[in-house]
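See below for the structure under consideration.
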Amino acid sequence: MIEVRFFATLRQGRGKIAQVPAEEAAAALDLFRRFDIPAEEVSILLINGFHSKPEDPVKDGDVISLFPPVGGG
């Protein structure tokens, strides 16, 4: 299984954590599609705690963290 963790506004309608069978995603971008998240809505993507790109591969046991753009001042 791949664990997907959603943060801030990306949690809306998705919850905090989702489990996805590893065979359903070859890359992080596949997870974006599965959860109907446009790539431009993800500002920070971590795979096992490391900054990654949407096209980077994912495998069984990975933890994917998705963060939206953050505003502030």
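The values are calculated or read from the model by the stated rules, or taken from the named source; none is laboratory data. Everything numeric here is computed off the predicted structure, so don't read it as measured data. Because the Cβ atoms are built from the backbone with ideal geometry, glycine has one as well, and the counts that use them run over all protein chains shown.
Some observations on this one:
- Of residues in the range 42-62 being in contact with a Pro (Cβ under 9 Å, 6 or more places away or on another chain) and exposed (fewer than 14 other Cβ atoms within 10 Å of the Cβ), the one nearest to V20 (Cα to Cα): D60
Results for (1) touching a helix residue (DSSP H, G or I) at 6+ places or on another chain (Cβ under 7 Å); (2) modelled with pLDDT under 95; (3) β-branched (V, I, T), shown as yes or no for each residue.
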site: M1; (1), (2), (3): yes, no, no
site: I17; (1), (2), (3): no, no, yes
site: L31; (1), (2), (3): no, no, no
site: I44; (1), (2), (3): no, no, yes
site: I47; (1), (2), (3): yes, no, yes
site: H51; (1), (2), (3): no, no, no
site: P54; (1), (2), (3): yes, no, no
site: V58; (1), (2), (3): yes, no, yes
site: G61; (1), (2), (3): no, no, no
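For (1) part of a strand (DSSP E or B); (2) free of Cβ contacts under 8 Å to residues at least 24 places away in the same chain, each residue gets a yes or a no:
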residue: R33; (1), (2): no, yes
residue: D36; (1), (2): no, yes
residue: E40; (1), (2): no, yes
residue: K53; (1), (2): no, no
residue: K59; (1), (2): no, no
residue: I64; (1), (2): yes, no
residue: P69; (1), (2): no, no
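- The set of residues from the range 42-51 being over 18 Å from P69 (Cβ atoms) and part of a loop (DSSP other than H, G, I, E, B) comprises N48, G49.
- The one condition from (1) surrounded by 11 or more Cβ atoms within 10 Å (Cβ to Cβ); (2) modelled with pLDDT of 95 or more; (3) over 10 Å from the mean Cα position of the chain (by Cα) that S65 does not meet is (3).
- Of all residues making up the range 1-28, the number that are in a helix (DSSP H, G or I), in contact (Cβ under 8 Å) with a residue 60 or more places away in the chain and touching a Ser or Thr at 6+ places or on another chain (Cβ under 8 Å): 0
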